[in-house]
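Have a look at the structure below before the remarks.
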Amino acid sequence: MSEETRILGIETSCDETAAAVLENGRHIASNIIASQTEIHAEYGGIFPEMASRAHIETIHQVVSSALAEAHVGLESIDAIAVTRGPGLAGSLVVGLNMAKGLAIGAGLPLLGINHLEAHLYSIWLVEEEEPTFPLLGLIVSGGHTELLLMRDHLQYERLGGTLDDAAGEAFDKVARLLGLSYPGGPAIEEIAKDGEADAFKFPRSWMEDTWDFSFSGLKTAVLREVRSLQPNLEAGVEAPEGDLPIADLAASFQEAVVDVLVGKTLAAAKEFNANEILVAGGVSANQSLRASFQTKSKIPVRVPPLALCTDNAAMIAAVGHRRFLNGQRDALDIDVLPNWPLTS
Ligand code: KG4
Ligand code: ZN
């Protein structure tokens, strides 16, 4: 991919307002992320209406900053790539309308991008030898847990996914049960460092004979344990007090999630003769997950650099670059796709 291109990426699917300029598919000239974490931390989760309002307030500034930091104007951009789904409808609409406005104003092509595909392509943003197909992809984020087989670029065979909570969602919900801050993944990872992973025996849901996942039983098991350790905790009151062994609970929970994610991904990689494994999405930032993959896998496992694991627009532009060169151009009347699955 050596052709000279400059893609403006825009991402507003969840609670980050982001814009980036990507040159020649690999060089990140700018990557601006305005996080709404503080707004949502108060509620212990994402409040959809507040999210779309915050996007409306910041999107213009974020896009301007991305262009300014890359020292370019719209006249130097070749195409605008924007997240079309999956995600929160009201949030996606803000980014898509911004992208449409810019595309109309500057006469540029518009490309609607799948957010899950972009998480996988964050791995191609790293300047190193490209992975060789077939690849087994695991996407683990706040909204998704997906196992996919990639036989070539932009080709996806969905093998399975979560039937209930996403992996990141399980981290967020358990963090809340333990009285930890939002987002729960980093909070659990941090406190788990002081705990013993074998302190509690939490269940592993293997979903035998399928490539699917389920994390709600694990969440319930943690809740049951918290209640038995703290019988006075009322139903519905989810912030424990006193001296719960939070570090041990967090470490044991984290290990249960990691065991299943790694175990099933390695089994799928073997079954489909994958050359390498790609792990992407917010939960791929987890060091315990990374370490377990590196120890247990016989084939290379690639993860994005930490800064590109969670939502960003550079990854949207990375897919935009590839699809732009492939000839994709979307009409100006495309709508958001809040439940867009990743298939070829
Ligand atoms: O990919 P992402 O930024 O947004 C979505 O597309 O959902 O993922 C956010 C999710 C949250 O659930 C967050 O708790 C989780 O990723 N996460 C982590 C870590 N960092 C973020 N989970 C476990 N360990 C982490 N270090
Ligand atoms: Zn994401």
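The values are calculated or read from the model by the stated rules, or taken from the named source; none is laboratory data. Just so it is clear, the structure is predicted and the values come from calculations on it, not from any experiment. Cβ placement follows ideal geometry from the backbone for every residue including glycine, while neighbour counts extend to all protein chains displayed. For the accessible areas, the whole protein counts, side chains as well, though only heavy atoms, and no ligand, DNA or RNA atoms are used. Shrake-Rupley method; radii C 1.70, N 1.55, O 1.52, S 1.80 Å.
Just to be sure, is I191 away from ligand 2 (no atom under 16 Å from the Cβ) and either open to solvent by 30 Å² or more (accessible area, probe 1.4 Å) or assigned to a helix (DSSP H, G or I) (or both)? So I191 passes the test.
Scanning the stretch 279-299 for residues that are in contact with a Ser or Thr (Cβ under 9 Å, 6 or more places away or on another chain) and either in a loop (DSSP other than H, G, I, E, B) or crowded, with 19+ Cβ neighbours inside 10 Å (or both) gives V279, A280, G281, G282, V283, S284, A285, F293, S297. When G44, G90 are checked against the criterion of being surrounded by 16 or more Cβ atoms within 10 Å (Cβ to Cβ), touching a residue at least 60 places away in the same chain (Cβ under 8 Å) and over 20 Å from L22 (Cβ atoms), a single residue qualifies: G44.
Cβ separations smaller than 6 Å between residues 6+ apart or across chains give the following pairs from the stretch 95-108 residues that are under 12 Å from G9 (Cα atoms) to residues that are assigned to a helix (DSSP H, G or I): M98/I59.
Taking the conditions exactly as written (open to solvent by 10 Å² or more (accessible area, probe 1.4 Å) and free of Cβ contacts under 8 Å to residues at least 12 places away in the same chain), does D209 satisfy them or not?
Working: open to solvent by 10 Å² or more (accessible area, probe 1.4 Å): yes; free of Cβ contacts under 8 Å to residues at least 12 places away in the same chain: yes.
When the stated conditions are applied, D209 passes them.
In the stretch 321-342, the residues that are within 9 Å of G112 (Cβ to Cβ) form no Cβ pair under 6 Å with any partner that is open to solvent by 50 Å² or more (accessible area, probe 1.4 Å) and assigned to a loop (DSSP other than H, G, I, E, B), whether six or more places apart or across chains. Total residues in the stretch 302-336 satisfying the condition of being within 11 Å of ligand 1 (Cβ to nearest atom), open to solvent by 20 Å² or more (accessible area, probe 1.4 Å) and not in a loop (DSSP other than H, G, I, E, B): the figure is 1.
Residues that are within 17 Å of G143 (Cα to Cα), open to solvent by less than 50 Å² (accessible area, probe 1.4 Å) and assigned to a loop (DSSP other than H, G, I, E, B) within the stretch 155-182 comprise D165, A166, Y182, listed in sequence order.
Cβ-Cβ contacts under 6 Å between residues 6 or more apart (or on different chains), taken from a first residue in the stretch 119-148 that is of a type in the set (G, A, S) to a second residue that is modelled with pLDDT of 95 or more and more than 16 Å from ligand 1 (Cβ to nearest atom), are listed as G137/M150. Across the stretch 218-229, the qualifying residues are those that are surrounded by 15 or more Cβ atoms within 10 Å (Cβ to Cβ) and over 22 Å from A285 (Cβ atoms), and the one among them that is farthest from the chain's Cα centre (by Cα) is L229. For the stretch 14-21, the criterion of being more than 15 Å from ligand 1 (Cβ to nearest atom), open to solvent by less than 40 Å² (accessible area, probe 1.4 Å) and at pLDDT 90 or above is satisfied by at least one residue. Of the candidates I59, I33, I77, I7, the single residue that is at pLDDT 95 or above, in contact with a Gly (Cβ under 8 Å, 6 or more places away or on another chain) and over 16 Å from L125 (Cα atoms) is I59.
No other residue among T132, T83 is more than 26 Å from V260 (Cα to Cα), at pLDDT 95 or above and among the hydroxyl-bearing types (S, T, Y) apart from T83.
Taking first residues from the stretch 280-296 that are assigned by TED's automatic domain parsing to the domain that holds V257 and under 20 Å from E169 (Cα atoms) and partners that are away from ligand 2 (no atom under 16 Å from the Cβ) and open to solvent by less than 40 Å² (accessible area, probe 1.4 Å), the Cβ contacts under 6 Å between residues at least 6 apart in sequence or on separate chains come to N286/E189; S288/Q254; S288/V258; L289/V258.
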